[in-house]
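The values are calculated or read from the model by the stated rules, or taken from the named source; none is laboratory data. Quick caveat, the model's predicted, so the values are computed rather than measured. So basically every Cβ, Gly included, is an ideal-geometry build from the backbone, and we count neighbours across all protein chains shown. With ligands, DNA and RNA removed, areas are computed over all heavy atoms of the protein, side chains included. Shrake-Rupley method; radii C 1.70, N 1.55, O 1.52, S 1.80 Å.
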Amino acid sequence: EENPVSKLRKLKESKGRERLLSAEELDRLLEATKQSVNKDLHTAVVLALSTGARKMEIWGLRWRDVDLNEGLATLHQTKNGETRTVPIQAYALELMRKRSKVRRIDTDLVFPSTIDPQKPFDFRKAWASALRRADIQNFRWHDLRHSAASYLAMNGASTIEIAEILGHKTLQMSMRYAHLT
């Protein structure tokens, strides 16, 4: 007669991680990625910072989904399963145009693995090395997404625009990401 679940209290949702790069850390990180043994790391990081795309959206990006004339990338393999298009502008677009001139012919991936060109490159070792070289603590690849959202907000983008670029279903999620400093 009585629902035992009705006596349970809902757990509080965690506040979420709030880590973004300071201006000094950003400079050090970009310099460290330029110095990396892996020359594609810098392009991948700049692309992540400028588009707010997730790690596997960047790592698995294919040339057929990149329009260098319009400055757009179409992301098909997204977390929520919905395709979205993100702008690639300024320095990121310049790097992608340069990268497109030396692409491999045996794969359509922008960042192919050196072992199996049909699989995305795994930047984990190069990423960890760049973070050490830049002396940046407690920072994950996904935090680039938080940084991108915050930079968008600081440059006048609305919460709706941030939600659209990041592919969020709710404005509440975008507000969590776009912490202003």
(request) Report yes if some residue within segment 108-119 is crowded, with 19+ Cβ neighbours inside 10 Å, touching a Phe, Trp or Tyr at 6+ places or on another chain (Cβ under 9 Å), part of a helix (DSSP H, G or I) and β-branched (V, I, T); otherwise report no. (result) no
(message) With the structure loaded, tell me whether T85 is in a strand (DSSP E or B) and within 13 Å of L61 (Cβ to Cβ) or whether it fails that test.
(response) yes
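When you go through S50, S22 one by one, which is the residue that is under 21 Å from W141 (Cβ atoms), among the polar types (S, T, N, Q) and touching a Ser or Thr at 6+ places or on another chain (Cβ under 8 Å)?
The conditions single out S22.
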(request) Please work out if E94 is touching a residue at least 24 places away in the same chain (Cβ under 8 Å), at negative phi, assigned to a helix (DSSP H, G or I) and open to solvent by 30 Å² or more (accessible area, probe 1.4 Å). (result) no
(request) Looking for whichever is loosely packed, with under 10 Cβ neighbours inside 10 Å, in a loop (DSSP other than H, G, I, E, B) and of a type in the set (S, T, N, Q) here; the options are N69, N38. Which one fits? (result) N69
(message) Cβ contacts < 8 Å: first residue within 12 Å of R28 (Cα to Cα), restricted to segment 125-152; second residue of a type in the set (D, E, K, R) and surrounded by fewer than 21 Cβ atoms within 10 Å (Cβ to Cβ), any location; separation 6+ or different chain. Result?
(response) A134/E25; A134/R28; A134/E31; D135/R28; I136/E25; I136/R28
(message) Being crowded, with 18+ Cβ neighbours inside 10 Å and hydroxyl-bearing (S, T, Y) is the requirement here; does S50 meet it?
(response) yes
